[in-house]
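Working notes, beginning with the structure itself.
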Amino acid sequence: MSVATRRITRTPGVEKRVAALDWQRIASDLDAYGCAIVPGLLASAECKSVEALYATEKLFRSRIVMARHGYGRGEYQYFAYPLPALVATLRAALYPGLASIANAWNAKMNVDTRYPENHADYLARCHRAGQTRPTPLILKYETGDYNCLHQDLYGEHVFPLQVAFLLSAPERDFTGGEFVLTEQRPRMQSRAEVVPLRQGDGVIFPVHHRPVEGTRGTYRVNMRHGVSRLRSGHRHTLGIIFHDAK
């Protein structure tokens, strides 16, 4: 058993929990609001186990201090391969349902790219293009930290949806630090969406664009996401991005 696998405390049935999700509701919420909450997908013990990995440097390929790059305040680390078992399981299990939504979105936006049903096949596409570095990450915020609005692109191949899991408990571990999405619409003012999350909740949201139905048909809107200022405490998030990086 690898070090990465050994360090995760798992509650059995993550794949079953993902399979039992209401994908019709998720697709509907993404179309209506630009995001979809998946309540309580991770158990408290799983959240704590993943959060604890942040201190194990050898599990990660790089550490980014946001203030050094103008990204905000706080820091994050990208996992190295092989991914911890729970992280790898979430990435593989969530992908097929999201690929179906992503393919429907691209059809609406007249984008030719289609995504295979299996995540391993999609990663092979990324790797052939030189995108071989894993992108799942843990983000760490303390009092006063925040994350500027941004997009997680990383190369030519960009899977249109990603998922963030809140590992910390609001009010108990931190205050403030809300997850924020903005939607830049053509010839209109931008729209903001503040997403309330509890420990173990996931939020599914667009990486870059999403289709919106208008009076003259479907148009493409530009999406960005970030985290508002942490008022107190500490906040950890697990980010699941489905394309690898150049």
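Show which lysines lie in cross-link reach of residue 16 when reach means a straight Cα distance below 22 angstrom and same-chain residues fewer than eight apart are skipped. Straight-line reach from residue 16, under 22 Å: 48. Computed with the Debye formula from one identical point scatterer per Cα of the stretch 51-178, without solvent, the log10 of I(q)/I(0) at q = 0.11, 0.14, 0.15, 0.19 Å⁻¹ comes to -0.47, -0.76, -0.87, -1.25. Carbon-plus-sulfur accessible fraction, the stretch 73-189 (probe radius 1.4 Å, protein heavy atoms only): 49%.
Working note: Karplus 6.51/-1.76/1.60 with θ = phi - 60° gives the stretch 105-117 the couplings 4, 5, 4, 5, 8, 6, 9, 6, 4, 10, 10, x, 6 Hz, where Gly and Pro are set to x. For the set 135, 218, solvent exposure ranked by accessible area (probe 1.4 Å, protein chains only) runs largest to smallest as 218, 135.
Each Cα pair under 8 Å and six or more residues apart adds its separation to the average, and for the stretch 189-246 the resulting relative contact order is 19 percent. Counting only Cβ charges, +1 for Lys and Arg and -1 for Asp and Glu, the dipole size of the stretch 34-188 around its Cα centre is about 400 debye. For the chain, the mean residue ellipticity at 222 nm estimated from helices alone is -8000 deg cm²/dmol, where every DSSP H run of n ≥ 4 contributes -39500 (n - 2.57) and the total is divided by all residues, rounded to the nearest 500.
Legend: residues 31, 244, 121, 173, sorted from most to least accessible area (1.4 Å probe; ligands, DNA and RNA excluded), read 121, 31, 173, 244. How many angstrom lie between the Cα centre of the stretch 198-228 and the Cα centre of the stretch 54-109? Taking the Cα centre of the stretch 54-109 as reference, the centre of the stretch 198-228 is 17 Å away. Computed over protein heavy atoms with a 1.4 Å probe, the accessible surface of the stretch 62-135 works out to 46 Å² per residue. Distances between placed amide hydrogens fall under 5 Å for residue 162 paired with 205, 207, all partners being 5 or more residues away or on another chain.
The values are calculated or read from the model by the stated rules, or taken from the named source; none is laboratory data. Not measured: the values here are computed from a predicted model. As a convention, Cβ positions derive from the backbone with ideal geometry for all residues, glycine included, and neighbour counts pool all protein chains shown. Keep in mind that these areas ignore ligands, DNA and RNA; they rest on the heavy atoms of the full protein, side chains included. Shrake-Rupley method; radii C 1.70, N 1.55, O 1.52, S 1.80 Å.
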